[in-house]
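The values are calculated or read from the model by the stated rules, or taken from the named source; none is laboratory data. Remember, it's a predicted structure, so these values are computed and weren't measured experimentally. Glycine also receives a Cβ, built like all others from the backbone with ideal geometry; neighbour counts cover every protein chain displayed. Accessible surface areas use protein heavy atoms only, side chains included; no ligands, DNA or RNA. Shrake-Rupley method; radii C 1.70, N 1.55, O 1.52, S 1.80 Å.
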Amino acid sequence: MTSCPVKNINIGVLGHVDSGKTSLCKRLSTVASTACFDKNPQSQERGITLDLGFSSFMLPLNTQEGITLPSEIQVTLVDCPGHASLIRTIIGGASIIDLIILVVDAQKGVQTQTAECMVLAEILSSSSLEKMRLVVVLNKTDLFPKQSRVEKVEKMKKKLRATFRQTVFGENVELVPFSCNEEDQNEVDEASKVNGNLSDILKVYVIEAIRTRLEMSKAGNASEQFMFAVDHCFSIKGQGTVMTGTCLLGKTSVNDKIEIASLSMEKKVKSIQVFRKPVTSIQKGDRAGICVTQFESSALERGLVCYPGLLRNIYGCIMRLHKVRFFKGSIASNSKFHVVVGHETVMAKVTLFSSTSQDQKTFDESKEYQFCSEFSEIEPENTSKTNGPVFMLLQFEKPILSSPNSILIGSKLDSDILSNTCRIAFYGKPDVVFHEANYSETFLSNLKVFKPKQKQGAIDRIFSEDSVICKNMLKKETNIEKFLRLKVDFSTGDKGIIIGGFGQGGKLKIQITGAQMSEALKSSGPVKRNKNDKNSLAPELGDPELSSFSSADKTPVVVTLRFKKMIFAGSNSNKIVQ
């Protein structure tokens, strides 16, 4: 036995239910795993793919100038279910994909789940360091009449090109007519003058993916610790329990200790196989089966296996929001979405807030952010327009185990699966993750997210040369203390500061902060004489001379208080700031 002798690339095979994904995998593959080609009894009963299936074939390569490649690459096909109700399984499989084959029924074209798979392909491409390649297979071309087959295929290709121009892939999409019937496939290739078959096209893209992976390995951290995404688990009598999956990070060898993260259980690696071939070690990118002993396969369906202590629970996170443009629903604060991280799905409560800086790319806890009730609400009421990115706080209903750099995909999986709508709403990578259950007290209480607020009142009377009494701004039961020392603006252009309450009716005493009170403000209302104040401006209330100060025929002076209400401020913090 040796270390894994071949490089592995995972190609996700996505598409609408009954588009022929499994048949395509059968045609291409030479080695089948224990979970592929709809071997599940329920799959055979229903006639559709219900779970991720894995199979492989070897792809011969030639050495390219400037890069040393092995003589052949192992290509693993990840056959994803296409039924609408299984979208979370598709998303779960997406985390291990290097390239994508999108299977389209040549007769039916883009269907609902085809579109959702296109969205997933866009998300994976946007989230990777280099744009992910997409190959579109027009399957079932043999169902067209021979005399019009080429014409109909070309017509469908024209429609699909127009569709993909609206995606991140643009013109860089290969459209390959295909038939699982080899004779029919040869006829299509010859009639449409196709230069190169599907295998040749995949070879070019596989080389690109390998080159990218090698470059990332050179620049990456050689001490990355082992992490393995398990997608199937089964027992072999006399051997132990086998966990099949893909190595996401680092490497592991026979006799190493690994942790089954969700169960907080450590096991020693008894043996490793790569498509039935025993090896002594595997590394990032390899598709393998890891055998351990004294472990019940029923205890783990999917999940992460890793270097002991590598993964911790995540109770929530903050990330920049990337909305899926095909999602027509609302992304609103206090709403809930299904969030898929790897093979984990959890309900999460959403809170949105925006930055005032266009240049800000990632979340910075030292800065202030403006609360948004909806994603589309970039210009909230009573505030100036903000053009910065929108961030989202996700608070999970239960903790999940995940790599901090995982892609999070938010969806409305409880939507009607028969409706012709995209259920995938947003995606992103976390800037901050919360590993502690009490993150509300330790982190959120210091999070500077505010709602802009405004209150208005009117001048009740002039109190002295440098102060006025304001009415109708606060209710009588309001705690005035939290508004003390806040600044106000007058419609006359004067400015002031709240220095206290006046009486029991919620009135405020405001001190003018300018050099002196403007004439417009002086004449705005009646003036109360203070018997002990020689600088009082007018007689006592009730004096007949007060009538000369009546403002009934004047435009009322409006007093405006603008402030920020911090929505996460703790009990010991001031929630009202300016």
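If you filter the stretch 281-320 down to residues that are open to solvent by 20 Å² or more (accessible area, probe 1.4 Å) and not in a loop (DSSP other than H, G, I, E, B), you find that the one that is nearest to Glu259 (Cα to Cα) is Leu304. Would you check if there is a residue in the stretch 531-554 being surrounded by fewer than 18 Cβ atoms within 10 Å (Cβ to Cβ), part of a loop (DSSP other than H, G, I, E, B) and at pLDDT 80 or above? Checked against the condition, which is being surrounded by fewer than 18 Cβ atoms within 10 Å (Cβ to Cβ), part of a loop (DSSP other than H, G, I, E, B) and at pLDDT 80 or above, the stretch 531-554 yields no hits at all. If you filter the stretch 134-159 down to residues that are among the hydrophobic types (A, V, I, L, M, F, W, C), assigned to a helix (DSSP H, G or I) and in contact with a helix residue (DSSP H, G or I) (Cβ under 8 Å, 6 or more places away or on another chain), you find that the one that is nearest to Glu174 (Cα to Cα) is Val153.
Residue-by-condition table, conditions (1) touching a residue at least 60 places away in the same chain (Cβ under 8 Å); (2) surrounded by fewer than 16 Cβ atoms within 10 Å (Cβ to Cβ); (3) part of a strand (DSSP E or B):
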residue: Cys470; (1), (2), (3): yes, no, yes
residue: Lys476; (1), (2), (3): no, yes, no
residue: Asp489; (1), (2), (3): yes, yes, yes
residue: Met517; (1), (2), (3): no, no, no
residue: Leu521; (1), (2), (3): yes, no, no
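Pairs are defined by a Cβ separation below 8 Å, a sequence spacing of at least 6 or placement on different chains, a first member in the stretch 351-365 that is exposed (fewer than 15 other Cβ atoms within 10 Å of the Cβ), and a second member that is β-branched (Val, Ile, Thr); the pairs so defined are Glu365/Val432. In summary, Phe37 fulfils each of the numbered conditions (1) over 22 Å from Ile290 (Cβ atoms); (2) in contact with an Asp or Glu (Cβ under 9 Å, 6 or more places away or on another chain); (3) at pLDDT 80 or above with the single exception of condition (3).
Looking at the structure I just gave you, is Lys323 surrounded by fewer than 19 Cβ atoms within 10 Å (Cβ to Cβ) and in contact (Cβ under 8 Å) with a residue 60 or more places away in the chain? Considered against the rule, which asks whether it is surrounded by fewer than 19 Cβ atoms within 10 Å (Cβ to Cβ) and in contact (Cβ under 8 Å) with a residue 60 or more places away in the chain, Lys323 comes out as yes. Has the stretch 295-317 got any residue that is of a type in the set (A, V, I, L, M), closer than 30 Å to Pro389 by Cβ and modelled with pLDDT of 90 or more? Yes, some residue in the stretch 295-317 is of a type in the set (A, V, I, L, M), closer than 30 Å to Pro389 by Cβ and modelled with pLDDT of 90 or more.
The number of residues in the stretch 251-270 being surrounded by 12 or more Cβ atoms within 10 Å (Cβ to Cβ), in contact with a strand residue (DSSP E or B) (Cβ under 8 Å, 6 or more places away or on another chain) and not in a strand (DSSP E or B) comes to 6. Summed over the stretch 223-250, the residues that are touching a Lys or Arg at 6+ places or on another chain (Cβ under 7 Å), of a type outside the set (A, V, I, L, M) and surrounded by fewer than 22 Cβ atoms within 10 Å (Cβ to Cβ) give a count of 2. Among the residues making up the stretch 285-305, those that are within 19 Å of Asn8 (Cβ to Cβ) and under 24 Å from the mean Cα position of the chain (by Cα) are Gly285, Leu304, Val305. Applying the set (1) open to solvent by 50 Å² or more (accessible area, probe 1.4 Å); (2) modelled with pLDDT of 85 or more; (3) not aromatic (Phe, Trp, Tyr) to Cys372 leaves exactly one unmet item: (1). Of the residues making up the stretch 453-468, those that are touching a residue at least 60 places away in the same chain (Cβ under 8 Å), out of contact with any Gly (no Cβ under 6 Å at 6 or more places or on another chain) and open to solvent by 20 Å² or more (accessible area, probe 1.4 Å) are Lys453, Gln454, Lys455, Gln456, Ala458, Asp460, Phe463, Glu465. Residues of the stretch 413-455 that are under 20 Å from Ile567 (Cα atoms) and assigned to a loop (DSSP other than H, G, I, E, B): Ala437, Asn438, Phe443, Leu447, Lys448. Taken together, Val188, Val206, Val173 contain a single residue that is closer than 30 Å to Gly303 by Cβ and either under 28 Å from the mean Cα position of the chain (by Cα) or modelled with pLDDT under 80 (or both), which is Val206. Residues in the stretch 9-34 that are part of a loop (DSSP other than H, G, I, E, B), at pLDDT 80 or above and surrounded by 20 or more Cβ atoms within 10 Å (Cβ to Cβ): His16, Ser19, Gly20, Ser29.
Filter the stretch 55-109 down to the residues that are hydroxyl-bearing (Ser, Thr, Tyr) and within 18 Å of Val13 (Cβ to Cβ), then identify the one that is modelled with the lowest pLDDT. First the steps, then the outcome.
Of the residues in the stretch 55-109, the ones hydroxyl-bearing (Ser, Thr, Tyr) are 55-56, 63, 68, 71, 76, 85, 89, 95.
Keeping just the survivors that are within 18 Å of Val13 (Cβ to Cβ) gives 55-56, 76, 89, 95.
Numbers: Ser55: 84, Ser56: 84, Thr76: 86, Thr89: 57, Ser95: 62.
Selected residue: Thr89.
Of all residues in the stretch 128-151, those that are crowded, with 17+ Cβ neighbours inside 10 Å and on the phi < 0 side of the Ramachandran plot total 13.
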